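To keep things clear, I will list the structure first and then write my remarks on it.
The values are calculated or read from the model by the stated rules, or taken from the named source; none is laboratory data. As the structure is a computational prediction, the values presented were derived from the model and not from experiment. As a convention, Cβ positions derive from the backbone with ideal geometry for all residues, glycine included, and neighbour counts pool all protein chains shown.
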Amino acid sequence: MASTGGSEAEFHDLRRRELLQALSDALPTDIIRPTAWACLWLSDIEKLKELLAEAQKKPTAMVILFEGMEVLARIVPTWTQRKRPASAASTPLQPSTPQRPITPLQPPPSQQPPSAQGSRGKKRNSSGHTRSKCHQRDQRKCILTKAGEPNEVAHIYPFSMRDEYKERGFLFWDTLRMFWSKERVDAWYDAIFPIGTEVCQNLVCLAPHAHVYWERAYFALKPIRMSDDKKRLDIQFFWLSVNPRVTGVNVSQVPLLPANLDQGPNLVKLFNNETDTKIHSGCEISLKTDDPALRPLPDFRLLEMQWFLHRVTAISGAAELQDDFYDNDSDDDIATASQNRWNMYTEDDWDMDIEEGPATYSPTQLPGIQTFGHMVTLRGGEDREGEDREGEDREGEDREDREGEDREGEDREGEDREGEDHKDF
């Protein structure tokens, strides 16, 4: 169930404020990364208690974990699709230049067997059929402005995250489980896997400008109630203010997310074209379907996920980031800083005992920080021993190579001396 109240409801919870003040007192620094800060203020209370208990036992490790979140999971740029792969666009584009063929070369479609042509055709037809059902359900109108075509079919759960294990996918889900209950996150996960993103319950019709505003987290949709017959879903609209992006925030600082706005960032506005009225925070909107089996309404669980993560995006100041904000250089800087801090302040292993996610890896496993390119991962003692053994093997191979090179050098020197002797003779 989504949180009660408006976009800032969690911030007025006195128990939450007490826990966050205690967390601030337990940590060796008051300043943490903005993504972790936003998640803490929107987290489930029970998970916040768990994080506080761990921080009181291993304060420095918790600071490192919060810092590493910006690189480990990067839940905000992942959710907002800011590093969307070229193949992840909802409508694939034709390349402007010929692409290098994959070996072995594929014959042209006209020469391929019917089964090969049919499988791709079915995929396209299936996606198009699903979008057609979304258009029919929403009567080819934007669910917010009620404007007719042109409009776009928008994904609630991003199309770019359709592969659960792609890139940082498993880190994304494990990180969510740090701040929200296993039951809640599992419900979000089960709503999208294994059925995928191209289903009617993950799609809504939006006007083109409303679609862009939603992707930028200028507003969020809060699910309120679903009727027993699944034919009506009531949601609430909230504009989200954009906070300035900073490198660190005081743990106990209360986020700013007004619930009475009548416009979004950059003076953007939306209007209900049927009533000619401005759409403001708190407006309730009803979505309907005549056939919940064939044309189901948006999934309540996915809208709830969007409700939390869009607010995390706005609170953390990431809604207006440029695409290159999370470039490799910034990743390397964070990774290096995290490595140095860990080496300086920690020696013992630690364990947060957080539930396992869909993958075998969790950012909250045993510590040690290991870098792969611009990624940082936390690892335990067993991995280090394995890597030490691998390092010893590599050293042994290096020694053998060097010895071989030395012997080859000696042989060449012998040949040179022999040649000189022949010359003298």
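Among the residues of the range 273-285, those that are β-branched (Val, Ile, Thr) and surrounded by 14 or more Cβ atoms within 10 Å (Cβ to Cβ) comprise ILE279, ILE285.
Among the conditions (1) touching a Lys or Arg at 6+ places or on another chain (Cβ under 9 Å); (2) closer than 23 Å to GLN306 by Cα; (3) modelled with pLDDT of 85 or more, the only one that HIS12 does not satisfy is (1).
Any residue at all in the range 195-207 that's on the phi > 0 side of the Ramachandran plot, at pLDDT 95 or above and surrounded by fewer than 17 Cβ atoms within 10 Å (Cβ to Cβ)? No, that holds for no residue.
Here is a yes/no grid of residues against (1) in a loop (DSSP other than H, G, I, E, B); (2) on the phi < 0 side of the Ramachandran plot:
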position	(1), (2)
GLN236	no, yes
ASN243	yes, yes
THR247	yes, yes
GLN253	yes, yes
PRO258	yes, yes
GLN263	yes, yes
GLU274	yes, yes
GLY282	yes, no
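Would you confirm whether any residue within the range 145-167 is in a loop (DSSP other than H, G, I, E, B), crowded, with 19+ Cβ neighbours inside 10 Å and modelled with pLDDT under 90? No, the range 145-167 contains no residue that is in a loop (DSSP other than H, G, I, E, B), crowded, with 19+ Cβ neighbours inside 10 Å and modelled with pLDDT under 90. With respect to the conditions (1) at pLDDT 95 or above; (2) out of contact with any Pro (no Cβ under 7 Å at 6 or more places or on another chain), SER3 lacks only one, and its number is (1).
In the range 51-68 there is at least one residue that is in contact with a strand residue (DSSP E or B) (Cβ under 7 Å, 6 or more places away or on another chain) and under 25 Å from VAL242 (Cα atoms). Scanning the range 63-83 for any residue that is hydrophobic (A, V, I, L, M, F, W, C), modelled with pLDDT of 95 or more and either surrounded by fewer than 22 Cβ atoms within 10 Å (Cβ to Cβ) or more than 14 Å from the chain's Cα centre (by Cα) (or both) turns up nothing. On the basis of being under 17 Å from PHE179 (Cβ atoms) and more than 26 Å from the chain's Cα centre (by Cα), does ALA22 make the cut? Here the answer is yes, as ALA22 does meet what is asked. Within the set ASP186, ASP234, the sole residue that is among the charged types (D, E, K, R), surrounded by fewer than 21 Cβ atoms within 10 Å (Cβ to Cβ) and farther than 30 Å from ASP290 by Cβ turns out to be ASP186.
If only residues of the range 254-272 that are among the polar types (S, T, N, Q) and modelled with pLDDT under 95 are counted, the one that is surrounded by the fewest Cβ atoms within 10 Å (Cβ to Cβ) is ASN266. Going through (1) modelled with pLDDT under 80; (2) not in a loop (DSSP other than H, G, I, E, B) one by one, PRO95 falls short only on (2).
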